[in-house]
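Below is one structure; the comments refer to it alone.
Please treat every number below as a calculation from the coordinates, not as lab data. Remember, predicted model here, so these are calculated numbers, not experimental data. Virtual Cβ from ideal backbone geometry, glycine too; neighbours counted across all protein chains shown.
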Ligand SMILES: *Cc1c(COP(=O)(O)O)cnc(C)c1O
């Protein structure tokens, strides 16, 4: 438990919310696949005095003086990022995954140019050109999809056909609701044919790549990777852009992040990124990444044994999408509520080919990064999956739900959120 020594005396209103959130995070099982628990070391850096400092520019080339420690710190963070992902260059200043993507689009394209990305209903992210986003007004977004929803295989023939027709400047790989590995080599081949850049948005799977349990798109020749740092990578809330080797791309990315889009970088967050990358370079993190997948596989088998339809037929990574409406007759929204009642947090999600609406879709999406940080193993993952299914089948049975809630709470108490991750 944090002390919050100064906030407690000075600001009881905010203090109450901090204490409440801390208790909330400890008491329930977090299965939202984009969330995690950072270490106290990451939290310390996140809450550090680097927040006081203006450091517009890059190490060695700043607009203001007094940069001896910020320069040293940002350089360490950059070097660790490069080592983790086998990149020649890294920009650690983007404020989040969305900001990293916007900077990447403006760095590599002119207004009116085309991006070929994963269809949003097949797992692509909002920032990949959803109609409500600003980038959608500036650039033209076209789509590829899965060939087979039951296996998750991408339709690479369609991808190539659209690429030949639309001549995209960027071919974008990456997702927030897709559970299979992509064939990055195919993306690179097609991009070469049409003269496009290859960009992977690995926001969800950065930790899996860092831990060596998912393929690194750079190994197959991708040009650029964008990512968040707070999902499986288990760092502070933020973003990052990595460049495999091209000096010209590096220049354009750096100029677009600052001064193109952002002002002063958030140095306290960059320090926290550095600490998190340090953690990710340890053998303990490799074990963590392996266990994330083992736990997801354990949950997959329970759902399969109960004949619940999983999108893509299962998972290769940290997340699962289940068609609960098709399999159990409960909507995604209802499932989210029932599971919340028993102490399990996840999110409703549209599934490919969904006939329902975004506010009340057919599916749920859940994943294992946060529970694995709490050191839960296959045994707990299996039990949690069973409890989830039981709860969804007991939507209107208050006594049963109370019983399930008790068991979830007992598991949580047995697996407190650890303070140290290495
Ligand atoms: C989460 C996510 C983002 C956005 O990250 P924010 O930090 O929330 O801006 C972008 N792309 C993908 C694929 C994501 O999963």
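Take residue 282, project a point 7 Å from its Cα along the Cβ direction, then tell me which residues of the range 195-217 have their backbone nitrogen under 19 Å from it. Within reach of a label on residue 282: 207-213. Normalising the average separation of contacting C-alpha pairs (under 8 angstrom, six or more residues apart) by the number of residues puts the relative contact order of the range 290-414 at 28 percent. Each of 390, 299 was scored by other Cβ atoms within 10 Å of its Cβ. Arranged with the fewest first, they read 390, 299. Size of the chain: Rg and Dmax of its alpha carbons, in Å, are 21.7, 64. Over all orientations, the range 192-289 has a Cα convex hull whose mean projected area works out to 6.9 square nanometres. Relative to one another, the C-alpha centroids of the range 76-114 and the range 246-301 are positioned 10 Å apart.
The ranking of 39, 48, 362 by Cβ neighbour count inside 10 Å, starting from the fewest, reads 48, 39, 362. Using a 10 angstrom cutoff on alpha carbons, build the Gaussian network for the chain and name the most mobile of 363, 66, 235. In this elastic network of the chain, the residue with the biggest mean-square fluctuation among 363, 66, 235 is 66. Within the listed set 248, 110, 25, the Gaussian network model of the chain (springs between alpha-carbon atoms below 10 Å) gives the highest mean-square fluctuation for 248. Dividing the summed -39500 (n - 2.57) terms of all DSSP H runs of n ≥ 4 by the residue count of the chain sets its mean residue ellipticity at 222 nm at -13500 deg cm²/dmol. Over the range 44-280, one equal point on each Cα, no solvent: what is log10 I(q)/I(0) by the Debye formula at q = 0.08, 0.15, 0.17 Å⁻¹? Normalising to I(0) and taking log10 leaves -0.28, -0.97, -1.22. Directionally averaged projected area (the range 26-96, Cα convex hull): 6.6 nm². Each of 307, 354 was scored by other Cβ atoms within 10 Å of its Cβ. Listed from fewest to most, they are 307, 354.
State the percent of C-alpha pairs, over all pairs in the range 223-341, separated by a distance greater than 21 angstrom. Tail fraction, whole percent: 60. Return the distance in nm (one decimal) between the two label points of a simple spin-label model at residue 14 and residue 86, each offset 7 Å from Cα along Cα→Cβ. Inter-label distance under the simple model: 4.4 nm.
Rounded to the nearest 5, the antiparallel percentage of DSSP beta bridges internal to the chain is 55%. Kirkwood radius for the range 61-193, taken over all pairs of different Cα atoms as the inverse mean of 1/r, rounds to 16.8 Å. If the Kirkwood radius is taken over C-alpha pairs of the range 290-414, then at 10 °C and 1.306 mPa s the Stokes-Einstein diffusion coefficient equals 111 µm²/s. The value of relative contact order for the chain, using C-alpha pairs under 8 Å at least six residues apart, is 22 percent.
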